[in-house]
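Enquirer: Take a look at this one; I'll ask things after.
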Amino acid sequence: MSFVIYDLETSGLEPQWNVPLQSALIHTDAELKPLGELSLRCRLPAHIVPAPGALLTTGIRPEQLEQTPLSSIEMLGIIARALDAWAPATIIGYNTLRYDEEILRHAFFTHLLPPYATSLNGHRRADLLTMVRAVAMLEPGAITIPLGATGKPSFRLGDVCRANGIALSEDEAHDAMADTKATLALLRHLREVAPTTVATMLGLADKGIASRMLASRDVLLLGGQSRLTPVIGVTPHPTIATSWAAVDLTVDPADYVDLPTEDLITLFSQRGVRPIRTVKTNAQSILVGYEQGCHALAEDQRDLALYHERAARIREHAVFRANLATAMANRFADREPSPHPEATLYSGGLLSNADARACARWHASPWSDRPTIAADLGDERLKAFANRITLMEAPQSLSPPAWQKGQAWLRDRLMTESDVPWLTLPKAFAEVAMLRQTVPIEDVARHALLDTIERWLSERSQFFRLAA
């Protein structure tokens, strides 16, 4: 199987309200030799305000976001076609499963592309940050983890690369291709110095392997950010096969097996030691057999006989297993659904096959035909996204009433003073003011960039005030 190494630079942090602005992908063979690559930038969509803090971090000036030939939908389409052409592959980046992957999924969703493209056509998902943590726990002598400014271990890509002889300067960081090449170099390095752990972790990119391990009811070791915990798999989620409940075997089952469902729910997120853990089998969790990782446990935690005894009590307690499955199903039952379609990827239901085919046809059709195709979509979320994209990419294809409605939506989207979850122009002004207080006065370059950002925000605000 080949690999696709990638990185994204984005308009902001929250996946529902932001998009990639820069992307880099390198396709390699099984030996990590490059077969092809993409380096892309796109314009900022008109309905998104870039986070001033993100611009300050990357050094990008706002006007640069308006001068790129590709639009957002064009860049995302290129990425989607590349993922399809390079399948099957292991899709891997640095901290991608928690961040870049979510940005890409939501961007594909809101641009009528397959949101789960990195899991289709035989693709598997992996995360090099997770692999680095696994090596640091299981083979600590194989890799150097530097200390950060606070004196704690730093797992930032640049810090880890430099500590292990891989070049990635601070100036290069936050450039998608530089980060992608550094990620590829670090993966090659880990394969050389910790082949056993890397092979184990790449295997866990297959969700079936983790599922079978948890279903075996064997004593396993589950890795967190810095240590391993003895666990046993108990039950999968009743409706989400990739989500499993496991229990921490260092905690006496007598403390929780007889609790009612309502109390079990609180144990998933309680502070301190959590006797119940959620394991996502499709997110490359660090999960190894006891024998493979017991050397990394503290001396007072190497009590396999005790863990076997507790695991047997869990296996024999059918009522607890049933209650735990119910607790998983009801854990977020009281969560209010979002009224905003961008935030409903996971809560609004899967897209139908008919709508997926219609979306593919929408992308393949001229703009003049797309409003008609969009009108026939069964999912109201997709209709909203299609109308939004047409407004920004081909407004001449809309009827006059649809265009006027779209312009009113865009003004409100950017200028509203209401408490909304996305970044508006008024919120961005407030963020600039806050950043001015945190940037040292002698940092002339960053203060000048803040001035540029503020001027750009003012021009945007003035435009929409005049339009109103």
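Rule-based calculations on the coordinates, nothing more; no lab input. Everything numeric in this text was worked out from a predicted model, so none of it was measured. Cβ placement follows ideal geometry from the backbone for every residue including glycine, while neighbour counts extend to all protein chains displayed.
Enquirer: Name the helices (runs of 4 or more DSSP H) wholly inside region 365-468 in which the number of residues that are among the hydroxyl-bearing types (S, T, Y) and in contact with a Ser or Thr (Cβ under 8 Å, 6 or more places away or on another chain) is 1 or more. Write out each step before concluding.
Expert: Values: elements: 370-375, 380-393, 400-415, 425-438, 444-467.
Fully inside region 365-468 and qualifying: 380-393.
Enquirer: Further question on the same structure: Among the helices (runs of 4 or more DSSP H) contained in region 278-339, which hold 3 or more residues that are within 27 Å of the chain's Cα centre (by Cα)?
Expert: It comes to 318-330.
Enquirer: Here are the criteria: (1) in a loop (DSSP other than H, G, I, E, B); (2) over 30 Å from L304 (Cβ atoms); (3) under 20 Å from the mean Cα position of the chain (by Cα). Tell me which single one L184 does not satisfy.
Expert: Here L184 clears every test but (1).
Enquirer: Select from region 417-468 the residues that are of a type in the set (D, E, K, R) and free of Cβ contacts under 8 Å to residues at least 24 places away in the same chain and list them in ascending order. Working first, answer last.
Expert: So in region 417-468, the residues of a type in the set (D, E, K, R) come out as 417, 419, 427, 431, 436, 442-443, 446, 451, 454-455, 459-460, 465.
Those that are of a type in the set (D, E, K, R) and free of Cβ contacts under 8 Å to residues at least 24 places away in the same chain: E417, D419, R436, E442, D443, D451, R455, E459.
Enquirer: To continue, here is another question. How many of the residues making up region 51-81 are touching a residue at least 60 places away in the same chain (Cβ under 8 Å) and either within 20 Å of the chain's Cα centre (by Cα) or assigned to a helix (DSSP H, G or I) (or both)?
Expert: 11
Enquirer: Still on this structure, I have one more. Filter region 126-144 down to the residues that are closer than 14 Å to G223 by Cβ and either among the polar types (S, T, N, Q) or surrounded by fewer than 19 Cβ atoms within 10 Å (Cβ to Cβ) (or both) and list them by number.
Expert: Result: T130, E139, P140.
Enquirer: In addition: Taking region 266-298 as the search range and keeping residues that are in contact with a Leu (Cβ under 9 Å, 6 or more places away or on another chain) and of a type in the set (G, A, S), which one is nearest to A311 (Cα to Cα)?
Expert: My answer is G289.
Enquirer: Exactly one of (1) surrounded by fewer than 21 Cβ atoms within 10 Å (Cβ to Cβ); (2) over 27 Å from T390 (Cβ atoms); (3) of a type in the set (S, T, N, Q); (4) touching a strand residue (DSSP E or B) at 6+ places or on another chain (Cβ under 9 Å) is unmet by T68. Its number?
Expert: (2)
Enquirer: Go through region 340-360 residue by residue and tally those that are small (G, A, S) and in a helix (DSSP H, G or I).
Expert: 5
Enquirer: Another one. Given the condition assigned to a helix (DSSP H, G or I), over 17 Å from I92 (Cα atoms) and of a type in the set (K, R), answer yes or no: does some residue in region 119-135 qualify?
Expert: No, the conditions are met nowhere in region 119-135.
Enquirer: Follow-up question, since we're still on this one. Is there any pair with a first residue in region 1-28 that is more than 22 Å from P69 (Cα to Cα) and a second that is assigned to a helix (DSSP H, G or I) and among the basic types (K, R) whose Cβ atoms are under 9 Å apart and which are 6 or more apart or on different chains, and what are they?
Expert: Correct list of pairs: I5/K181; P15/R105.
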